[in-house]
Amino acid sequence: MNATLDAKLYDCRDAFAETLERLGEQDERIVVVVNDSVGSSKVGGFKKKFPDRLINVGIAEQNMVGVGAGLANAGFIPFVCAAACFLTGRALEQIKADVAYSNTNVKLVGISSGMAYGALGPTHHSIEDFAWTRAIANLTVIAPADPTETSQVIDMAAKTPGPMFLRLSRMGVPEVHDKGYNFELGKAATLREGKDITLIANGVLVTKALEAASLLAKDGIDARVLNMATVKPIDKAAIIKAARETGAIVTAEEHSTHGGLGSAIAEVVVENAPVQMRILGVPGVFAPTGEAPWLLEHFGLTAQGIYEAAKSLKTHD
Amino acid sequence: MTVKPLISAHDLASRAKAQRKQNLELIYNTGMGHIGGDMSATDILITLYFAILNIDPRKPNDPARDRFIMSKGHCSGALYSTLANRGFFPVEDLKTYMQPLSKLNGHPDRNKIPGVETNTGPLGHGLPVAVGTAIGAKLGKQSWRTYVLTGDGELQEGSNWEAAMLAGHRGLDNLTVIIDRNRLQQGDWVEATNNLEPLADKWRAFGWSVSEIDGHDYDALLETFHSLPLEKGKPSCIVAHTHKGNGISFMQDHPGWHHRVPTEAELTEALQELGEKA
Ligand SMILES: Cc1ncc(C[n+]2csc(CCOP(=O)(O)OP(=O)(O)O)c2C)c(N)n1
Ligand SMILES: [Mg+2]
């Protein structure tokens with residue numbers, strides 16, 4: 001499925017909010033739990049429609065996740081929505097014990113993840129969340145790339161029992177998937193076929209990987225592009241196939257290079273089909289001051305950055 | 001250490017007027033910030049930094065300094081303006097607020113800015129750290145004091161109450177918490193979100209001595225800070241009743257002004273209002 005990128009940019013929170021409202025109408029068990037984050041989670045519409053089913057616990061993330069687990073125990077399907085940094089950082093033990101270990105049907109929705117909060121700084125960046133959540137057993141981890149995928153992921157989450165962490169951004173992204181796209185849990189989406197190298201990304205970096213593939217094509221390098229929305233359980237088959245068929249992999253994520261998407265892929269690669277990789281992300285530092293797009297440039301999380309990493313691998317062999 | 005500067009309530013008030021304007025322009029020029037909470041905290045910060053805290057901007061790491069911890073770190077605009085005006089870094093630097101590579105990040109970073117004691121931004125972190133510095137002063141038999149400024153919505157974080165319990169238990173009378181009681185949080189009124197009242201009684205129940213004052217009244221602020229500890233053998237809690245957006249009529253007590261940025265017309269109107277007030 002070769003995506004053609006239209007220029008219009010979307011805030012995936014809108015697709016999230018619309019889907020949640022639609023689900024709320026269909027299923028009375030859907031409830032929303034927030035931490036004074038009605039506006040930033042864009043659940044004002046849900047609140048208007050279902051005032052009783054929007055539970056604002058105040059600025060109290062640990063309590064928020066615990067309350068979510070309790071609501072699940074009482075038969076509801078809670079979507080616990082907060083800035084990804086506070087949801088995961090502050091309430092990690094509640095996520096582990098009350099949600100994952102207790103196996104409660106809680107959907108954790110991390111909003112404005114990655115470096116979307118820009119100049120608000122490292123306290124507000126959520127570039128450790130893949131590593132933290134990925135290390136917890138019995139927790140599905142997904143980072144959709146565009147509005148279509150976001151909507152399908154939310155829909156799937158409501159209908160699929162079990163603990164999940166859904167990582168959303170607020171940065172504008174184009175639609176990268178075709179209208180007929182069908183999100184499959186645990187399956188990578190091949191956005192571009194290619195035989196020379198594979199570029200794997202998720203979230204806001206998928207579109208940059210596609211752009212990088214176009215740049216590489218000009219140099220005669222035929223790059224495969226995978227959207228690895230599901231970080232856990234990871235699509236081993238697609239990774240092994242990519243390693244065997246293309247011989248080199250570049251990963252790109254809006255996350256620390258330690259323990260995130262790149263690490264998850266490397267774990268599969270080294271055990272099954274060792275090939276050279278480049279892992280692009282934030283290289284284990286707290287970001288300097290700067291707006292989100294500036295920070296992405298700063299860390300080379302751009303089409304050019306992915307292109308250069310791919311070139312460096314191809315000149316190696 | 002330096003001698004505390006002698007400064008009158010009147011002088012503090014005129015400083016505050018100038019600083020509110022400076023703070024507004026900072027946020028307008030940067031296009032980001034938390035104006036409502038900056039304005040409610042300004043008078044408290046100015047009183048502390050210009051009349052109360054035993055600090056020396058030339059020796060920001062002096063082991064004998066008083067510790068001030070800005071727990072409501074989103075109000076960096078007010079903190080940075082105060083620190084610059086007090087001489088911790090050049091006022092010129094304020095222009096770089098939140099610009100690429102600036103030391104003036106949206107939330108304060110002690111490794112970049114002299115005078116910042118701990119990195120805040122996630123709410124509910126200041127008080128536990130302050131309890132730690134206060135215990136440290138007691139252990140080292142030091143006479144310096146610890147002050148921490150929290151928001152009121154921020155008190156919904158459980159970490160505050162864990163720290164409050166420990167401070168009460170240990171009788172940390174070298175510790176003072178000031179609550180910026182502006183009755184608003186990010187999206188709504190505090191009482192509509194998760195009610196805090198009876199707030200003073202909660203602190204008393206945790207072993208603190210409490211004083212409720214007008215957080216924009218310099219005489220009251222000075223008198224209360226000079227009388228610390230409120231009670232020997234107990235930590236002190238000052239509930240400072242304030243107004244979010246204080247001093248600017250169209251911002252004051254409006255839930256919409258948590259982090260809205262004024263338009264050019266709003267900036268002009270706000271500056272005019274502040275200019276008119278003596
Ligand atoms: C742990 C955490 N959760 C959520 C936020 C987002 N947030 C920033 S300011 C704010 C409201 C704070 O209200 P209050 O403490 O009353 O501060 P003030 O009114 O003085 O601005 C919220 C929810 C945060 N910074 N940290
Ligand atoms: Mg408040």
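The values are calculated or read from the model by the stated rules, or taken from the named source; none is laboratory data. Values in this document were obtained by computation on a predicted structure and should not be read as measured data. Every residue, glycine as well, gets a Cβ built from its backbone with ideal geometry; the counts of neighbours run over all protein chains shown. Quick note on the areas: whole protein, heavy atoms, side chains included, nothing else; ligands and nucleic acids left out. Shrake-Rupley method; radii C 1.70, N 1.55, O 1.52, S 1.80 Å.
If the requirement is being under 12 Å from A:ARG192 (Cα atoms) and buried (at least 17 other Cβ atoms within 10 Å of the Cβ), which of these qualifies: A:VAL231, A:VAL225, A:VAL204, A:VAL250?
Details: A:VAL231 fails: under 12 Å from A:ARG192 (Cα atoms); A:VAL204 fails: under 12 Å from A:ARG192 (Cα atoms); A:VAL250 fails: under 12 Å from A:ARG192 (Cα atoms).
On inspection, the qualifying residue turns out to be A:VAL225.
For A:LYS187, only one of the following conditions fails: (1) charged (D, E, K, R); (2) open to solvent by less than 20 Å² (accessible area, probe 1.4 Å); (3) not in a helix (DSSP H, G or I). What is its number?
With (1) charged (D, E, K, R); (2) open to solvent by less than 20 Å² (accessible area, probe 1.4 Å); (3) not in a helix (DSSP H, G or I) applied to A:LYS187, the lone miss is (2).
Report every pair of residues separated by at least 6 positions or lying on different chains whose Cβ atoms are under 9 Å apart, first residue within region A:232-251 and closer than 17 Å to A:ASN202 by Cα, second of a type in the set (Phe, Trp, Tyr) and open to solvent by less than 70 Å² (accessible area, probe 1.4 Å).
Final answer for the pair search is A:LYS232/A:PHE130; A:LYS232/A:PHE165.
Would you please name the residue that is farthest from B:GLN156 (Cα to Cα), looking only at residues in region A:37-59 that are open to solvent by less than 10 Å² (accessible area, probe 1.4 Å) and within 12 Å of chain B (Cβ to nearest Cβ)?
To start, the set of residues in region A:37-59 that are open to solvent by less than 10 Å² (accessible area, probe 1.4 Å) comprises A:37, A:41, A:43, A:46, A:58.
Adding the requirement that they be within 12 Å of chain B (Cβ to nearest Cβ) leaves A:37, A:41, A:43, A:58.
On the way: A:SER37: 14, A:SER41: 19, A:VAL43: 21, A:GLY58: 6 Å.
My answer is A:VAL43.
How many residues are within 16 Å of ligand 1 (Cβ to nearest atom) and part of a strand (DSSP E or B) when one looks only at region A:122-164?
1
Looking only at region B:116-164, which residues are crowded, with 23+ Cβ neighbours inside 10 Å, more than 16 Å from ligand 1 (Cβ to nearest atom) and under 24 Å from A:ALA287 (Cβ atoms)?
Residue satisfying the conditions is B:VAL116 alone.
For region B:4-48, which positions are more than 16 Å from ligand 2 (Cβ to nearest atom) and of a type in the set (Ser, Thr, Tyr)? Even if it seems obvious, please write down each step before you answer.
Of region B:4-48, the ones more than 16 Å from ligand 2 (Cβ to nearest atom) are B:4-32, B:46-48.
If the condition is that a residue be more than 16 Å from ligand 2 (Cβ to nearest atom) and of a type in the set (Ser, Thr, Tyr), then B:SER8, B:SER14, B:TYR28, B:THR30, B:THR47 are the ones that fit.
I need the full set of residues from region B:78-101 which are surrounded by 15 or more Cβ atoms within 10 Å (Cβ to Cβ), in contact (Cβ under 8 Å) with a residue 12 or more places away in the chain and either of a type in the set (D, E, K, R) or within 14 Å of chain A (Cβ to nearest Cβ) (or both), in order please.
Matches in region B:78-101: B:LEU79, B:TYR80, B:ARG86, B:LEU94, B:TYR97, B:MET98, B:GLN99.
Return only the number of the condition from (1) over 30 Å from B:TYR28 (Cα atoms); (2) within 16 Å of ligand 2 (Cβ to nearest atom) that B:LEU222 does not satisfy.
Exception for B:LEU222: condition (2).
Checking the structure you have, find out if any residue of region B:102-113 is within 16 Å of ligand 1 (Cβ to nearest atom), part of a loop (DSSP other than H, G, I, E, B), over 24 Å from B:ALA163 (Cβ atoms) and within 13 Å of chain A (Cβ to nearest Cβ). Please lay out each step first, then the result.
As a first pass, look at region B:102-113 and keep what is within 16 Å of ligand 1 (Cβ to nearest atom): B:105-109.
Of the ones still in play, those that are also part of a loop (DSSP other than H, G, I, E, B) are B:105-109.
Within this subset, residues satisfying the condition of being over 24 Å from B:ALA163 (Cβ atoms) are B:105-106.
Then drop every residue that is not within 13 Å of chain A (Cβ to nearest Cβ), which leaves B:105-106.
Yes; the residues of region B:102-113 include at least one that is within 16 Å of ligand 1 (Cβ to nearest atom), part of a loop (DSSP other than H, G, I, E, B), over 24 Å from B:ALA163 (Cβ atoms) and within 13 Å of chain A (Cβ to nearest Cβ).
Pull up region A:275-295, narrow it to residues that are among the aliphatic types (A, V, I, L, M) and open to solvent by 10 Å² or more (accessible area, probe 1.4 Å), then point me to the one that is nearest to the other protein chains (Cβ to nearest Cβ). First the steps, then the outcome.
We begin by selecting, within region A:275-295, every residue among the aliphatic types (A, V, I, L, M); these are A:275, A:277, A:279-280, A:282, A:285, A:287, A:292, A:295.
Of the ones still in play, those that are also open to solvent by 10 Å² or more (accessible area, probe 1.4 Å) are A:275, A:277, A:279-280, A:285.
Working: A:VAL275: 36, A:MET277: 30, A:ILE279: 25, A:LEU280: 20, A:VAL285: 12 Å.
The selected residue is A:VAL285.
Can you tell me which residues in region A:119-161 are in contact (Cβ under 8 Å) with a residue 60 or more places away in the chain, over 16 Å from the mean Cα position of the chain (by Cα), open to solvent by less than 30 Å² (accessible area, probe 1.4 Å) and within 14 Å of chain B (Cβ to nearest Cβ)?
Hits for region A:119-161 are A:ALA119, A:GLY121.
Can you name the residue in region B:18-65 that is of a type in the set (D, E, K, R), touching a residue at least 60 places away in the same chain (Cβ under 8 Å) and open to solvent by 10 Å² or more (accessible area, probe 1.4 Å) and, of all such residues, is farthest from B:GLY215 (Cα to Cα)? Walk me through it before giving the result.
In the first step, residues of region B:18-65 are kept if they are of a type in the set (D, E, K, R); the result is B:20-21, B:25, B:38, B:43, B:56, B:58-59, B:62, B:65.
Keeping just the survivors that are touching a residue at least 60 places away in the same chain (Cβ under 8 Å) gives B:20-21, B:25, B:43, B:62, B:65.
Then keep just the ones that are open to solvent by 10 Å² or more (accessible area, probe 1.4 Å); that gives B:20-21, B:25, B:62, B:65.
Details: B:ARG20: 15, B:LYS21: 19, B:GLU25: 23, B:ASP62: 29, B:ARG65: 24 Å.
Going through the qualifying residues, I end up with B:ASP62.
For region A:18-48, give me the residue count where each residue is closer than 21 Å to A:PRO161 by Cβ and not basic (Lys, Arg). Even if it seems obvious, please write down each step before you answer.
Step one: of region A:18-48, the residues closer than 21 Å to A:PRO161 by Cβ are A:19-20, A:22-33.
Retained after the next criterion (residues that are not basic (Lys, Arg)): A:19-20, A:23-28, A:30-33.
The qualifying residues number 12.
Determine whether region A:77-90 contains at least one residue that is touching a helix residue (DSSP H, G or I) at 6+ places or on another chain (Cβ under 8 Å), away from chain B (no Cβ under 14 Å) and charged (D, E, K, R).
no
Restricting the search to region B:44-70, which residues are in a helix (DSSP H, G or I) and within 13 Å of ligand 1 (Cβ to nearest atom)?
First, the residues of region B:44-70 that are in a helix (DSSP H, G or I): B:44-52.
Residues satisfying the conditions are B:ILE44, B:LEU45.
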